[in-house]
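I have placed the structure first, in the form of structure tokens, so that the comments after it can refer back to it.
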Amino acid sequence: MKKLLIILTILISTTFLTSCWSRREINSLGFVMGLGITKTDSGLYSIVAQLANPSDLAAEGVTGKDIYTTIKSEGLTVFDALRNMSMIAKRRVFISHIKTIVISEDIAREGLSDVISFFVQDMEIRLESIVLISKDKPEVIFDTPNFVGIVPGLGMSIIAKNFGANNKIYIADLHETVEAVNNPVINYVTTLVTVTPPPTELEKPELKLSQIAIFDSDKLKGYLDYEEGQAYNLVTNNFKNGLIVFDYAPHNDKITIEGLESKADIKPKYENGVVSFDIELSIKGSIGEKIPMETTPHSLDIETLQNQLSQVIEDKINKAIVAAQKSYKLDYFNLSSHFFRKYPKEFKEIKGEWDEIFSNATINVKVDSCIIHSALNLNRGRV
Amino acid sequence: MNLIGKSLNKLIKYNNINFDNFDNKEDIRDIEFTKDYTKNINLIKERLGKSDDLSFRYFDISTIPRTKAVVIYLDTLIDDNIFQTSVLNPLINSLAQKSEEERVYFKSNINTLIKQTLSNSKISFITNLNKAIDQLLAGNGILLIDNTPYVVSLNISTVISKDSTEPKTEKVVKGPQQGFVEDITPNCFMIRKRIKSPDLVFKTVNIGRVTNTELKVVYIDNIVNQSIVEELLIRLNRIDTDGPTGSASIEEYISDNPTNLFQTTFYTERPDRVQSLLLEGRIAIICDGTPFVIIVPSIVSDFFISMEDYYESPYFASFSRLLGYSGALVLTFLPAIYVAVTTFHQEVLPTELALTIAGARSGVPYPAFVEAMIMEISFETLRQAGTRLPTHVGQAVSIVGALIIGQSAVEAGIVSSIVVIIVAMTAIFSFTMPYTNFVLSLRIVRFLMLILAAVLGIYGIMTGLLILSLNLVSLRSFGVPFMVPFAPTSFKEMKDVVLRMPQWAITERSNYIVKENVVKTRKNLKPSPPSDEERRYKP
């Protein structure tokens with residue numbers, strides 16, 4: 001009996017003495033969809049948070065500006081600025097559901113490590129939100145209402161998910177960002193977000209994830225064009241369903257190949273203090289589109305086409321590598337990690353001057369392409 | 001690791017079960033009747049004597065001098081009226097009115113006596129015991145006459161199936177539509193009709209100082225675990241009260257865990273269910289005045305099995321069983337999880353769902369817990385009102401409940417639409433289980449979980465789950481672990497309990513309920529084209 005009484009006392013006291021510790025009703029939360037970080041002229045961190053308006057999201061027929069609220073505050077650190085937000089926000093700022101983090105270009109050029117550390121140290125945040133760089137102020141990016149009825153912060157993460165359709169950009173999530181920032185050897189890569197002007201007067205300006213931004217470790221160095229972007233995705237094994245367009249030499253037809261599967265095998269070599277890489281890429285694709293330039297119908301020779309595709313991709317990658325070696329002098333492909341895996345001891349010795357070594361390294365690219373399906377109709381591309 | 005090892009052991013044990021025993025089952029000695037009248041009676045008594053419904057009607061045939069005779073019959077199966085008019089009347093009264101010479105003549109010519117005087121519709125002369133037992137079990141009477149080396153089978157069985165009703169609480173679409181009734185005699189008749197075995201035993205127990213209510217304890221003697229029968233009879237004989245009001249109060253007197261929230265006895269009103277459970281080695285207790293038959297020992301899965309499962313394809317039946325089990329989980333935990341997630345763990349929700357819930361809840365004045373509590377209690381009230389009122393008024397209650405309370409409360413912004421969905425889902429899932437015993441307990445547990453979730457979040461739910469599981473695994477029903485086959489885990493038994501495998505795949509009874517005589521179906525009965533050997537053999 002006494003035992004039972006003790007057990008009951010413990011049970012009841014744990015239940016009632018805790019008194020709903022850290023209880024917060026879901027409707028009292030301000031769900032932050034996106035967070036923008038920039039710096040003011042006086043050196044304070046300025047934070048823009050995009051809060052979703054759940055009741056308007058749930059209501060029918062509400063789109064555009066009503067579904068979110070953008071608030072801004074300043075502070076000595078990122079966390080401080082975020083806490084200062086509580087002086088403005090009508091709800092408890094809840095950052096577990098952040099989808100997009102936009103960092104302004106000036107901070108990116110100084111180095112991401114100052115601002116990213118907060119996201120690792122805070123317990124509320126998930127590491128799956130995407131990280132983007134912006135030339136505009138983050139509040140401009142976030143306050144770009146659309147007719148689709150999606151909060152811009154959430155919208156950007158949906159665009160990011162579709163990157164496999166073009167493969168001209170590459171979006172890092174917070175997890176990758178934290179890893180790259182903490183590792184001095186790995187060079188970070190993510191994408192630039194811009195506001196594009198509306199196509200007509202009646203439309204609204206739209207957000208666009210436009211170019212890959214490359215970093216020297218965590219400091220922004222420049223932006224890649226589409227060709228280089230695709231080359232980056234090909235070399236780093238991120239190429240999914242991107243399109244490769246070229247002229248079919250025998251007839252000058254415009255051919256579009258849709259990638260289906262691509263695998264890059266990078267073999268580093270270290271002989272007599274000389275670093276070299278063999279990149280072997282095998283790609284499978286199908287013909288997605290053919291614009292015939294000649295009036296007489298003719299058939300495609302798949303073998304010639306495959307050889308030409310291999311050549312086109314080789315050129316694409318070589319061009320990007322040369323640009324990386326000569327103009328950026330930056331190993332944004334992170335070939336160093338492949339080298340490190342094979343020659344860990346040697347890498348430790350040459351780690352300091354890796355950029356120099358990379359710039360002078362011989363990099364051989366070999367592409368083996370395979371066209372497995374012609375998505376053309378019986379008229380061989382004619383309608 | 002330990003668990004896997006144990007189950008492997010069990011699997012190995014399963015392979016070692018001797019199926020030969022099953023093949024030799026029909027090897028029962030056949031005996032010829034002799035002239036020894038008492039010996040003949042004892043032969044039948046030996047086979048069927050365990051059951052209380054074996055009756056003897058001793059009388060003297062009015063020959064000169066009188067001849068001793070007895071009619072043996074199962075009183076659950078026969079029609080007293082036919083018995084009286086077609087057997088007793090001719091042999092006692094009509095014969096007495098005949099001339100003296102005739103009566104003397106009959107004394108030495110029993111065969112003629114039977115043929116000439118007995119006005120029964122179907123009689124046959126039987127010389128061996130097995131046939132006589134078959135006739136008895138088919139509902140016929142057996143007439144034994146002194147100094148006669150044969151017995152006479154008399155057709156005195158009830159032809160029409162005694163009045164039965166459609167089962168009201170356990171409906172099936174495809175199966176038999178027969179249910180027990182309040183009167184005990186037809187109920188026993190239904191069971192006897194379904195199981196024509198000499199091993200089916202009826203034991204009579206009378207309970208109640210004032211009411212003297214008749215109980216029948218029914219079991220199959222060569223399957224059941226005898227120690228459970230003994231234990232049950234002891235527990236029943238201990239009951240000393242003015243009068244039990246139906247089988248439910250008997251359940252309370254014989255329970256292993258009288259103060260526990262969960263009842264460890266099962267009940268059913270379907271004769272086919274009782275039949276299948278008796279064949280599993282359970283014991284049925286029929287109580288006069290109640291159409292619900294108590295089944296002991298019971299295990300948790302009984303409450304999730306509907307007889308419908310056995311009348312449908314194994315695939316669909318397995319699916320609906322899994323639905324039933326998940327229904328129990330949803331019923332117990334869904335409101336609690338809703339409260340925990342919306343007040344403590346908003347980060348575990350997918351973003352879109354979190355926003356939807358937040359949107360639906362915006363403007364609701366109460367915390368999620370109070371909101372859920374209001375709706376759950378009003379739903380329980382509605383259900384109670386609906387079941388207690390007469391049918392047509394009950395419908396009005398549900399309309400008022402669904403339309404006015406549900407819709408208007410949401411529109412007025414007192415509760416959110418999400419919580420109405422949650423409550424409706426728990427209600428619907430609670431209806432997937434046909435037997436209320438277990439569900440009623442879960443419905444109470446649901447409120448405890450709700451409170452724990454409101455105070456401690458997921459941690460509270462896990463604590464509640466732990467307490468609930470500890471309680472459930474500690475339960476015993478007449479020594480059988482209540483949570484079989486989940487704990488102790490037995491994958492072999494899950495074949496017929498969690499899933500519903502085809503009949504030929506289930507060859508054994510539960511090891512935990514039956515000690516010996518485990519095999520119930522011959523192995524390798526999976527239908528296949530006949531072999532050449534089988535083809536050659538033509539019976």
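Listed values, structure above:
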read-out: Relative exposure of A:Thr144, B:Thr332, A:Thr304, judged by other C-beta atoms within 10 Å (fewest first); value: A:Thr304, A:Thr144, B:Thr332
read-out: CD proxy at 222 nm, helix term only [per DSSP H run n ≥ 4: -39500 (n - 2.57); per residue of chain B; nearest 500]; value: -13500 deg cm²/dmol
read-out: 3J(HN,Hα) from dihedral phi, region A:343-354, Karplus parametrisation 6.51/-1.76/1.60, rounded to Hz, x for glycine, proline; value: 10, x, 5, 4, 5, 4, 6, 9, 4, x, 9, 4
read-out: Lysines with Cα under 23 Å of B:Lys68, excluding same-chain neighbours fewer than 8 positions away; value: B:Lys35, B:Lys39, B:Lys45, B:Lys98, B:Lys107, B:Lys115, B:Lys122, B:Lys131
read-out: Cross-link pairs beyond the 21 Å C-alpha cut-off, checked among B:Lys171/B:Lys526; B:Lys492/B:Lys526; A:Lys269/A:Lys345; value: B:Lys171/B:Lys526
read-out: Tilt relative to chain B, helix B:2-15 - C-alpha long axis, 0 to 90 degrees, to 10; value: 20
read-out: Residue pairs, from the table A:Lys99/A:Lys204; A:Lys263/A:Lys290; A:Lys135/A:Lys221; A:Lys168/A:Lys284; A:Lys65/A:Lys99, whose Cα atoms sit over 20 Å apart; value: A:Lys99/A:Lys204; A:Lys263/A:Lys290
read-out: Under 5 Å, built H, 5+ apart or other chain: amide partners of A:Gln211; value: A:Leu192
read-out: Between helix B:368-388 and chain B: long-axis angle, C-alpha atoms, 0 to 90°, nearest 10; value: 30
read-out: Mean separation of Cα contacts under 8 Å, 6 or more apart, over the residue count of chain B: relative contact order %; value: 14
read-out: Amide H within-cut-off set for A:Glu289, under 5 Å, with H built and near neighbours excluded; value: A:Thr256
read-out: Extension gain, B:Asp163 back to B:Ile377 (0.36 nm per residue minus Cα-Cα distance, nm); value: 73.0 nm
read-out: For chain B, convex hull volume per residue from C-alpha positions, Å³; value: 207
read-out: Peptide B:358-370, shielding by other chains (average Cβ, 10 Å cutoff); value: 5
read-out: Three semi-axes of the equivalent ellipsoid, region B:37-154, Cα gyration tensor, whole Å, largest first; value: 24, 15, 12
read-out: Low-density loop positions, GluC sites (Glu not before Pro), region A:1-110 - DSSP coil, at most 16 other Cβ in 10 Å; value: A:Glu60
read-out: Cα-based shape type of region B:160-208, given that a ≥ b ≥ c are square roots of the gyration tensor eigenvalues and the cut on a/c is 1.5; value: oblate
read-out: Relative contact order, percent, region A:225-383 [alpha-carbon distance under 8 Å, six or more residues apart]; value: 30
read-out: Region B:314-481 shape via C-alpha gyration tensor axes, a/c threshold 1.5; value: oblate
read-out: 222 nm mean residue ellipticity, helices alone, for chain A (DSSP H n ≥ 4; -39,500 (n - 2.57); rounded to 500); value: -9000 deg cm²/dmol
read-out: Trypsin sites (Lys or Arg not before Pro) restricted to region A:52-94 and DSSP loop, no more than 14 other C-beta within 10 Å; value: A:Lys90
read-out: Förster-model FRET efficiency, 51 Å R0, B:Asn128 and A:Leu17, C-beta, rounded to 0.05; value: 0.05
read-out: Amide hydrogen neighbours beyond the local backbone of A:Lys221, cut-off 5 Å, H modeled; value: A:Ile214, A:Phe215, A:Asp216
read-out: Where labels lie 7 Å past Cα in the beta-carbon direction, separation of B:Ile444 and A:Val274 in nm; value: 8.6
read-out: A:Gln121-B:Tyr253 FRET efficiency (beta carbon distance; Förster radius 60 Å; 0.05 resolution); value: 0.40
read-out: Proximal aspartates and glutamates to A:Lys348, defined as alpha-carbon separation beneath 17 angstrom and excluding residues fewer than eight positions away on the same chain; value: A:Glu271, A:Asp331, A:Glu356
read-out: 10 Å Cβ neighbours from other chains, averaged over peptide A:87-97; value: 2
read-out: Ranked list, fewest to most other Cβ atoms within 10 Å of each Cβ, for B:Lys50, B:Lys193, B:Lys174; value: B:Lys174, B:Lys50, B:Lys193
read-out: Under 14 Å from the B:Phe319 label point (7 Å along Cα→beta-carbon), backbone N, region B:480-513; value: B:500
read-out: Alpha-carbon spread of the protein assembly as shown, three principal axes, descending order, Å; value: 139, 71, 59
read-out: Label point 7 Å beyond Cα of A:Ala59 along Cβ direction - residues of region B:354-372 with amide nitrogen under 13 Å; value: B:359-360, B:362-363
read-out: Over 18 Å between alpha carbons, listed pairs A:Lys254/A:Lys319; B:Lys50/B:Lys196; A:Lys161/A:Lys267; value: A:Lys254/A:Lys319; A:Lys161/A:Lys267
read-out: Backbone HN-Hα couplings from phi across region B:284-297 [Karplus 6.51/-1.76/1.60, Hz, Gly and Pro as x]; value: 9, 10, 9, 10, 5, x, 10, x, 9, 9, 7, 10, 10, x
read-out: Rounded to 10°, Cα long-axis angle of helix B:351-361 versus longest principal axis of chain B; value: 90
read-out: A:Asp225 versus B:Asn109: modelled label distance in nm, points set 7 Å from Cα along the beta carbon direction; value: 12.9
read-out: Exposure proxy ranking, count of Cβ atoms within 10 Å, fewest first, for B:Val87, A:Val195, B:Val71; value: A:Val195, B:Val71, B:Val87
read-out: Prolate/oblate/rounded call for chain A, Cα gyration tensor, a/c under 1.5 rounded; value: prolate
read-out: Coordinate range along principal axes, alpha carbons of region A:126-218, Å, largest first; value: 48, 28, 24
read-out: Over region B:184-298: Rg over Rh, Cα atoms, Kirkwood Rh; value: 0.94
read-out: Residue-by-residue Karplus 3J(HN,Hα) for region B:302-309, coefficients 6.51, -1.76, 1.60, Hz, glycine and proline x; value: 3, 6, 9, 9, 10, 4, 3, 3
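Bear in mind that the values in this text are calculations on the coordinates, not laboratory data. Values in this document were obtained by computation on a predicted structure and should not be read as measured data. For neighbour counting, all protein chains shown are included, and Cβ atoms are generated from backbone atoms with ideal geometry for every residue, glycine included.
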